[in-house]
Amino acid sequence: MNPITYAFGIVAAVLALIAIVELMRRGTLRERHAVWWFVGGVLALIIAIFPQTLNWAADLVGIALPVNLVFFVAIGLLFLVSLQYGAELTRIEEKMRTLAERTAFHEQRIDALEQIVTEANGGAADAGSEPDGDDR
């Protein structure tokens, strides 16, 4: 293997791991979302440091070209990331729907209470103090 290619692989894997850790440190990437990215970075670093590991793993699994194993693992990791994001999106959509329903219910209660207060005050006490539009 060419020493430049060897060094480039190691540097690229280390930079990827540093980027993942830095995103987690800044709060841009949460730990539960970083797991699969971190696994991919560690696998890339292992293969970059020990390239014969890729040949051994490809022979073990029965894949003729080691690069096909790299593509297969990369696609598998991306599938897991996508699946995790899909599950998270489903949970968030359910929470948003519940919050929207609760907000509508609370707005309805507030409107009913405001109507009761207005009727109790004779209807004219605060008539000029409210704006024309709904500011909620």
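Pairs under 6 Å by beta carbon, first residue within 30 Å of A44 (Cβ to Cβ) and of a type in the set (V, I, T) in region 77-104, partner at pLDDT below 95 and open to solvent by less than 100 Å² (accessible area, probe 1.4 Å), six or more apart or different chains?
Within 6 Å, the pairs are V81/W36.
Being under 23 Å from A7 (Cβ atoms) and of a type outside the set (A, V, I, L, M, F, W, C) is the filter here; which residues of region 51-70 pass it?
Correct list: P51, Q52, T53, N55, P66.
Within region 49-104, can you find the residues that are open to solvent by 80 Å² or more (accessible area, probe 1.4 Å) and more than 30 Å from the chain's Cα centre (by Cα)?
Matches in region 49-104: F50, Q52, W56, D59, L60, V61, A64, L65.
Which of the residues belonging to region 21-79 are within 19 Å of I10 (Cβ to Cβ) and of a type in the set (S, T, N, Q)?
Q52, T53, N55
Sort out which residues of region 1-39 are open to solvent by 60 Å² or more (accessible area, probe 1.4 Å), closer than 19 Å to Y85 by Cβ and of a type in the set (V, I, T), and write them in order of number.
Of everything in region 1-39, those that are open to solvent by 60 Å² or more (accessible area, probe 1.4 Å), closer than 19 Å to Y85 by Cβ and of a type in the set (V, I, T) turn out to be T28, V35.
The values are calculated or read from the model by the stated rules, or taken from the named source; none is laboratory data. A quick note: this is a predicted structure, and the numbers were derived from the prediction, not measured. As a convention, Cβ positions derive from the backbone with ideal geometry for all residues, glycine included, and neighbour counts pool all protein chains shown. Only protein heavy atoms, including side chains, enter the accessible area calculation; ligands, DNA and RNA are left aside. Shrake-Rupley method; radii C 1.70, N 1.55, O 1.52, S 1.80 Å.
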